[in-house]
Amino acid sequence: MKIDRRSFLSLVAGGAAGTALSPLPWKLTDDISIWSQNWSWTPVPEDGEAEYVSSVCTLCPGGCGITARRIKDRVVKIEGLKGCPVNDGGICILGLSGTQLLYGPTRIPSPMKRTGNRGDGQWEKISWDEAVSTVVEKLASLRSGGQPQKAGCILGSEQGTLPSLFDRFMTAYGSPNVMSPASSRTSYEMAMQLMQGGKPTAGYDFEHSDFILSFGSGIIDGWGSPVRMFQSNSDWKTRKVKVVQIEPRLSNTAAKSDKWIPVNPGTECVLALGMAYVIIKEGIYNQKFIDNFAYGFFDWTDEKGENHHKGFKELVLGNYSPDQVSKITGVSQSTIAHLARSFAFASKPVAICGRGQGHTPVSLHEAMAVHALNALVGNINQKGGIWAVPAPDYIRWPEVKLDEAARKGLTASRIDGAGSDKYPLVKSLLNRLPGAIASGSQSLELLFVSGVNPLYEMRDTHAVKSAFEKIPFVVSFSSYMDETAANADLILPSHVYLERYEDVPSPVGFNRPFIGLTKPVIEPLYDTRHVGDVILLMAKALGGSVAEAFPWDSYEVCLRETLGDKWDALVENGFWIDEGYVPESLDKAFETKSTKFEFFVSRLSETLRKDEQALPHYMAIESEGDVESYPLVLIPYDTTRLSNGYIGNPPFMTKTLDDTILKGNDGFIEINPKTAKTLGWVEGAFATVTTPKGEARVKVHLFEGLMPGIIAMPTGLGHTAYDSYLAGKGFNVNELIGPVEDPASGLDAAWGIRAKLAKA
């Protein structure tokens, strides 16, 4: 049997990926158990009868059900919750590490007030009364001065009662500045809502799909709900479902797929349109769907017979032939044609997008182009396809009654520009906050940060830190001493998820209405409080209409009343699901102006008044930097063994990293061997990687699974905060990459940056 080079690479990398998903990490548990006995903070449970508590993990957006095993007052193990529709007994390596985050030394034990310069680590413990009074005094001062809009908040999520309470508080107080980070989910759901209408979430019926076309989504690298994706991937192997992975780097997902198609980074959108060309040109699209349920596919003339409008078909056939697309993407014409036919002839194909774990957005038109492929094969709201899933509708609080100060404050422009004439499609543009503050055009006097670590997670970290330095008072609700908390003025630490009640609705990518409930497995270990309770305290202290907007005595009371008849099921099972949910039939599925699926998006047409702008099309998102100064392209990549969000990597996960990712405290950069040879680099050499945003000292790793001319760094390393198990290990790639604004949405759609290497 002849094995070509790409197959060999996939075999080697696939073996590594298989190892990652095999019992090896669990075997390592034994080693780590021995290793971790040296940690003073490691819990050593007493003997006793074990009790089990069903709950939900919040360490990523996956929303997996968990069972926490407890002996007396100690949590000794976390397992996947059997029967939970999201993960059915499975658990990922991060979820398994939850006890280390519960008992680890990075927990913040009480309210803390900064006493030295920001970031110097000088803190004073204070009481909750003093902490809340300090915040309320500053809030009241801003409000009485007619500037409530100068207060803002950054939240890790937009879903559930806690973000809704925060939003309600800011509304009653009088500020429009509620922001949150965007992800690929944000981009795709925006595309879905524009093309289908309504406000659905995107659910994928992977359990019945027979062809998975992934535009860079790290299916087994943490994309979507990670455990569900692991389980789906195993099921696809059994059912011989074809998986095609399109991305410039041979990730674990690419290695385990049936076909890996390397593509020039940032060109996924035009590749999708090239596939659409073949499907349309050869007439192999779903004619029933196009004829009965689609709008804007063909050209048309308006009712007055005056204006001729270009449809999706003419746009694609005129601009995205395989010849043209091949020159942009680096994918051969024959591969584009074969891939398009394979996708179109599958019975239940589905296309997905979102690079790596999907923690960063893609451009709006990339998401629209991928969604258009799903429409061309008619697999919307069908078995094995993509479903428009309504978010659980249980938060039905009375409308906030505004006083004059709030009404005036809410008329102010948002600091990030979201919802303005220039950015009408988005609720939040956190990526624009640093620029707005740096320009001096707008400012904030007080900022709340909850469930997110912007001083580590956001692109161009130095600019983010500079912006924060211009905000006079920053309040962190973090449970851990992360980068943002370390640079705050006041820390009001929250309970962690094993110590509190909280609803966790709509796991990313799940195909039915679902709510999870975290429950207190143990009493809080420290002098921490639920963020919801702190919001209630602040509101009541401010008084007037702000206090009246919050009639509840505690967050738990609010949560019980809000969840209503779902509460008992949630407490008993750890989750609630709409078991009988089926997606709407196509004749009722679309809430657009045309009442059909819109290739030509009416909302965009009314806003932009240009036909092409209302159709999925390719708008290049150029990487920052010029080719002469920076001959290489740097891309980030994700791995399930590195947490790269709000939660820092627990020691257990760091222990499982390959020594080509982290060795000692040195992080690695990957480079193709041919490119390395041309530039004179050898395995293990120290190099300085420089981009227009910064530079870092790294070690070189030669990796055949990377396209020539590209270098790659992992996300999740380079923390400056937390503890000695994490701080100072590797480099934060977000310091090297700047945001690039998607002209259609305003979201940060950067996929990489130009770079160069020099001897360190």
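For Ala140, only one of the following conditions fails: (1) surrounded by fewer than 20 Cβ atoms within 10 Å (Cβ to Cβ); (2) under 29 Å from Gly409 (Cα atoms); (3) without any contact (Cβ under 8 Å) to a residue 40 or more places away in the chain. What is its number?
Among (1) surrounded by fewer than 20 Cβ atoms within 10 Å (Cβ to Cβ); (2) under 29 Å from Gly409 (Cα atoms); (3) without any contact (Cβ under 8 Å) to a residue 40 or more places away in the chain, Ala140 violates only (3).
In this structure, is Phe550 touching a residue at least 60 places away in the same chain (Cβ under 8 Å), touching a Lys or Arg at 6+ places or on another chain (Cβ under 8 Å) and either of a type outside the set (Phe, Trp, Tyr) or crowded, with 18+ Cβ neighbours inside 10 Å (or both)?
Values: touching a residue at least 60 places away in the same chain (Cβ under 8 Å): yes; touching a Lys or Arg at 6+ places or on another chain (Cβ under 8 Å): yes; either of a type outside the set (Phe, Trp, Tyr) or crowded, with 18+ Cβ neighbours inside 10 Å (or both): yes.
Considered against the rule, which asks whether it is touching a residue at least 60 places away in the same chain (Cβ under 8 Å), touching a Lys or Arg at 6+ places or on another chain (Cβ under 8 Å) and either of a type outside the set (Phe, Trp, Tyr) or crowded, with 18+ Cβ neighbours inside 10 Å (or both), Phe550 comes out as yes.
Out of the stretch 439-451, which residues are open to solvent by 10 Å² or more (accessible area, probe 1.4 Å) and either assigned to a loop (DSSP other than H, G, I, E, B) or closer than 13 Å to Thr720 by Cα (or both)? Spell out the reasoning first.
Taking the stretch 439-451 as the starting set, the residues that turn out to be open to solvent by 10 Å² or more (accessible area, probe 1.4 Å) are 439-443, 445, 450-451.
Listed by number, the residues that qualify are Gly440, Ser441, Gln442, Ser443, Glu445, Gly451.
Quick one: is Asn87 touching a Lys or Arg at 6+ places or on another chain (Cβ under 7 Å) and either open to solvent by 20 Å² or more (accessible area, probe 1.4 Å) or at pLDDT 95 or above (or both)? Even if it seems obvious, please write down each step before you answer.
On the way: touching a Lys or Arg at 6+ places or on another chain (Cβ under 7 Å): yes; either open to solvent by 20 Å² or more (accessible area, probe 1.4 Å) or at pLDDT 95 or above (or both): yes.
Yes, satisfied.
Take the residues in the stretch 492-503 that are in a loop (DSSP other than H, G, I, E, B) and of a type in the set (A, V, I, L, M); name whichever of them is surrounded by the fewest Cβ atoms within 10 Å (Cβ to Cβ). Talk me through it step by step, then tell me what you get.
Here is the first cut: in the stretch 492-503, the residues in a loop (DSSP other than H, G, I, E, B) are 492-496, 500-501.
Subsequent filtering for residues that are of a type in the set (A, V, I, L, M) retains 492, 496.
Values: Leu492: 27, Val496: 23.
Step by step, filter the stretch 492-503, then rank; the result is Val496.
Among the residues of the stretch 553-568, which ones are hydrophobic (A, V, I, L, M, F, W, C) and open to solvent by 40 Å² or more (accessible area, probe 1.4 Å)? Before you say what the answer is, go through the steps one by one.
Quick first cut of the stretch 553-568, residues hydrophobic (A, V, I, L, M, F, W, C) only: 557-559, 563, 567.
Across the stretch 553-568, the qualifying residue is only Val557.
Of everything in the stretch 237-255 that's touching a Ser or Thr at 6+ places or on another chain (Cβ under 8 Å) and part of a helix (DSSP H, G or I), which residue is nearest to Gly358 (Cα to Cα)?
So the residue we want is Thr253.
Can you tell me which of (1) touching a helix residue (DSSP H, G or I) at 6+ places or on another chain (Cβ under 9 Å); (2) within 26 Å of Ile66 (Cα to Cα); (3) in contact (Cβ under 8 Å) with a residue 12 or more places away in the chain; (4) open to solvent by 10 Å² or more (accessible area, probe 1.4 Å) is the one Ser506 doesn't meet?
The one condition Ser506 does not meet is (1).
For a quick check of your reading of the model, give me the residue pairs whose first member lies in the stretch 447-461 and is on the phi > 0 side of the Ramachandran plot and among the small types (Gly, Ala, Ser), whose second is open to solvent by 10 Å² or more (accessible area, probe 1.4 Å) and assigned to a helix (DSSP H, G or I), with beta-carbon atoms closer than 9 Å and at least 6 apart or on different chains.
From residues that are on the phi > 0 side of the Ramachandran plot and among the small types (Gly, Ala, Ser), the pairs are Gly451/Leu162; Gly451/Pro163.
Restricting to the stretch 396-420, name every residue that is within 19 Å of Gln193 (Cβ to Cβ) and open to solvent by 20 Å² or more (accessible area, probe 1.4 Å). Break it down into steps so the answer makes sense when it comes.
Taking the stretch 396-420 first, the residues within 19 Å of Gln193 (Cβ to Cβ) are 418-420.
Scanning the stretch 396-420 gives Gly419, Ser420.
For the stretch 526-549, which residues satisfy the criterion of being under 19 Å from Ile126 (Cα atoms) and either part of a helix (DSSP H, G or I) or in contact with a helix residue (DSSP H, G or I) (Cβ under 7 Å, 6 or more places away or on another chain) (or both)? Give the steps one after another, and end with the answer.
So the first thing to find is which residues in the stretch 526-549 are under 19 Å from Ile126 (Cα atoms), and the list is 526-531, 533-535, 537-538, 541.
Result: Arg529, His530, Val531, Asp533, Val534, Ile535, Leu537, Met538, Ala541.
What are the residue pairs meeting all of these: first residue in the stretch 280-309, first residue among the aliphatic types (A, V, I, L, M), second residue at pLDDT 95 or above and loosely packed, with under 13 Cβ neighbours inside 10 Å, Cβ atoms under 8 Å, and 6 or more apart or on different chains?
If the second residue must be at pLDDT 95 or above and loosely packed, with under 13 Cβ neighbours inside 10 Å, the pairs left are Ile284/Phe345.
Take the conditions more than 36 Å from the chain's Cα centre (by Cα), open to solvent by 30 Å² or more (accessible area, probe 1.4 Å), over 17 Å from Tyr618 (Cα atoms) and among the polar types (S, T, N, Q) and apply them to Asn307. Does it pass?
On the way: more than 36 Å from the chain's Cα centre (by Cα): yes; open to solvent by 30 Å² or more (accessible area, probe 1.4 Å): yes; over 17 Å from Tyr618 (Cα atoms): yes; among the polar types (S, T, N, Q): yes.
Yes, satisfied.
Given the criterion farther than 19 Å from Trp123 by Cβ, among the basic types (Lys, Arg) and open to solvent by 20 Å² or more (accessible area, probe 1.4 Å), identify the matching residue among Lys470, Lys465. Spell out the reasoning first.
Values: Lys465 fails: farther than 19 Å from Trp123 by Cβ.
That would be Lys470, the only listed residue that is farther than 19 Å from Trp123 by Cβ, among the basic types (Lys, Arg) and open to solvent by 20 Å² or more (accessible area, probe 1.4 Å).
Which count do you get for residues in the stretch 584-595 that are over 29 Å from Glu399 (Cα atoms) and either among the hydroxyl-bearing types (Ser, Thr, Tyr) or crowded, with 22+ Cβ neighbours inside 10 Å (or both)?
Total satisfying the criteria: 3.
Identify the single condition in (1) surrounded by 16 or more Cβ atoms within 10 Å (Cβ to Cβ); (2) under 26 Å from the mean Cα position of the chain (by Cα); (3) touching a residue at least 40 places away in the same chain (Cβ under 8 Å) that Ala727 does not satisfy, given that it satisfies every other one.
(3)
Any residue at all in the stretch 111-124 that is closer than 15 Å to Pro226 by Cβ, in contact with a strand residue (DSSP E or B) (Cβ under 6 Å, 6 or more places away or on another chain), open to solvent by less than 40 Å² (accessible area, probe 1.4 Å) and touching a residue at least 12 places away in the same chain (Cβ under 8 Å)?
So in the stretch 111-124, the residues closer than 15 Å to Pro226 by Cβ come out as none.
No; the residues of the stretch 111-124 include none that is closer than 15 Å to Pro226 by Cβ, in contact with a strand residue (DSSP E or B) (Cβ under 6 Å, 6 or more places away or on another chain), open to solvent by less than 40 Å² (accessible area, probe 1.4 Å) and touching a residue at least 12 places away in the same chain (Cβ under 8 Å).
Please return the ranges of helices (runs of 4 or more DSSP H) entirely within the stretch 269-364 where 3 or more residues are closer than 17 Å to Val601 by Cα. Show your work before the answer.
Details: elements: 287-293, 312-319, 322-329, 333-345.
Those helices (runs of 4 or more DSSP H) span 287-293, 312-319.
Any residue that is touching a residue at least 60 places away in the same chain (Cβ under 8 Å) and of a type in the set (A, V, I, L, M, F, W, C) - is there at least one of those in the stretch 321-329?
Quick first cut of the stretch 321-329, residues touching a residue at least 60 places away in the same chain (Cβ under 8 Å) only: 328-329.
Then keep just the ones that are of a type in the set (A, V, I, L, M, F, W, C); that gives 328.
The answer is yes; a qualifying residue exists.
When Thr678 is evaluated against the numbered criteria (1) open to solvent by 20 Å² or more (accessible area, probe 1.4 Å); (2) polar (S, T, N, Q); (3) under 24 Å from the mean Cα position of the chain (by Cα), which criterion, by number, is the only one it fails?
(3) is the only condition that Thr678 fails.
The values are calculated or read from the model by the stated rules, or taken from the named source; none is laboratory data. Predicted model only: the values in this text are computed from it and were never measured. Glycine also receives a Cβ, built like all others from the backbone with ideal geometry; neighbour counts cover every protein chain displayed. Surface accessibility is based on the protein's heavy atoms, side chains included, excluding ligands, DNA and RNA. Shrake-Rupley method; radii C 1.70, N 1.55, O 1.52, S 1.80 Å.
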